[in-house]
1. For A:Lys193, which aspartates and glutamates qualify as cross-link partners when the Cα separation must be under 19 Å and same-chain residues fewer than eight apart are set aside?
2. What is the Rg over Rh value, at two decimals, for the stretch A:17-86, using alpha-carbon atoms and the Kirkwood definition of Rh?
3. Which three extents, in angstrom, do the Cα atoms of the stretch A:83-166 have along their principal axes, listed largest first?
4. On a 0 to 90 degree scale, rounded to 10, what angle separates helix A:104-119 from the longest Cα axis of chain A?
5. Once you list every other residue whose beta carbon is under 13 Å from the beta carbon of A:Thr177, what net charge do they have if Lys and Arg are +1 and Asp and Glu are -1?
6. Please report, largest first and rounded to whole Å, the three semi-axes of the ellipsoid equivalent to chain B, where each semi-axis is the square root of five times an eigenvalue of the C-alpha gyration tensor.
7. Given the protein assembly as shown reduced to its alpha-carbon atoms as identical point scatterers, what log10 I(q)/I(0) does the Debye formula return at q = 0.08, 0.10, 0.15 Å⁻¹?
8. For the stretch A:52-103, which whole percent of the accessible surface, found with a 1.4 angstrom probe, sits on carbon and sulfur atoms?
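The values are calculated or read from the model by the stated rules, or taken from the named source; none is laboratory data. The structure presented is a predicted model; accordingly, all values stated were derived computationally and were not measured. Don't worry about glycine lacking a Cβ; one is built from the backbone with ideal geometry, like all the others, and counts go over all protein chains shown. The area values use the complete protein model at the heavy-atom level, side chains included, leaving out ligands, DNA and RNA. Shrake-Rupley method; radii C 1.70, N 1.55, O 1.52, S 1.80 Å.
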Amino acid sequence: MTTTPRSVLVTGGNRGIGLATARALAEAGHRVAVTYRSQAPEGLLGVRCDVTSGEDVDRAFGEVEAEHGPVEVLVSNAGITDDQLLLRMTEESFSRVVDANLTAAFRVAKRASRSMLRARFGRLVFVSSVVALTGGAGQANYAASKAGLVGFSRSLARELGSRGITSNVVAPGFVDTDMTADLGDARKAELLKTIPLGRTATADEIAGVVAFLASDASSYVTGAVLPVDGGLGMGH
Amino acid sequence: MSPAEVLDVLRARAVEVLEVAAEDVQPETSFVEDLQVDSLSLVEFTMDLEDEFGIELSEDELTDVHTIGGFADLISRRTS
Ligand SMILES: NC(=O)c1ccc[n+]([C@@H]2O[C@H](COP(=O)([O-])OP(=O)(O)OC[C@H]3O[C@@H](n4cnc5c(N)ncnc54)[C@H](OP(=O)(O)O)[C@@H]3O)[C@@H](O)[C@H]2O)c1
């Protein structure tokens, strides 16, 4: 199936899942831009942007619009963790994680929706996590922010559906990136036992599903939460 | 710009964006009751006019606007 080339923006597209996604989308023929904070990846249009700053977001969109045209596919992927048990978790940490993972999604989706409304077309993809629905000990801030994306995305699916704009969530399980690199071997072995496929995912395996959501093949998919977790979250 | 001049632009944009007939766009016309415009269409219409006139309208300013004439007055005030 052929896919219409689109102007795509991937936040946090300079490494990890975001970079793999940006590369997969470029491979599929789209015009791909990525946000970065320190170093832009080679071969992709890099726009400097801290997603916790509304000004940065606005400027970054302006740059993408000038180079590639209005954003038609937005992949809100940038995210952070700051794990800590509840009793040790500071309000500052909670707010910081929610700001980077959830409020930032609001910032970029709001900015993108203006031109999507005008074009009567848009694809919003939010990278959440299996933890959004299962919860995770030590990840109350992260899980809350990722669960928030589900209600946020589904609200947009309802608000904007009549204008040809879809909004979906991808919920990865355990993916090999910098984010999970620090987990100890023992913890990792324990986690692997809970994954039916018995292994972790590569970033490319998440990228493929995001690429599907950006493609013409997903035109009737909206308000969905797509697990890409090797079976880890089944039932949630 | 005078309210009458603004009204002309507003009428043209309403025909385009809200897909209504020009003769149905009068100062006393209500967006919701007469034109049956839904909330999202109203947001789109507002966005369009913000671009057209190069202004930004706040929610506060818009809460009391229910008719075409009210909208024209608001824009006229903001552009003069
Ligand atoms: N790895 C997993 O197992 C896993 C599982 C489920 C969900 N996820 C989600 O997948 C997404 C990508 O994760 P990853 O594993 O690829 O993580 P990663 O390798 O740590 O990359 C995170 C990306 O987010 C960017 N970022 C973080 N805060 C930002 C900010 N304030 N402004 C702009 N960019 C910011 C980073 O940019 P810098 O390079 O500038 O820091 C980086 O590009 C995240 O939303 C994560 O929650 C990951």
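1. Partners within reach: A:Asp176, A:Asp182, A:Asp185, A:Asp229.
2. Value, to two decimals: 1.01.
3. Per principal axis, max minus min of the Cα coordinates gives 47, 23, 15 Å.
4. 30
5. Combined, the nearby Lys, Arg, Asp and Glu give -4.
6. Details: eigenvalues 57, 39, 29 Å².
One finds semi-axes of 17, 14, 12 Å for chain B.
7. -0.43, -0.64, -1.16
8. Answer for the stretch A:52-103: carbon and sulfur cover 51 percent of the accessible area.
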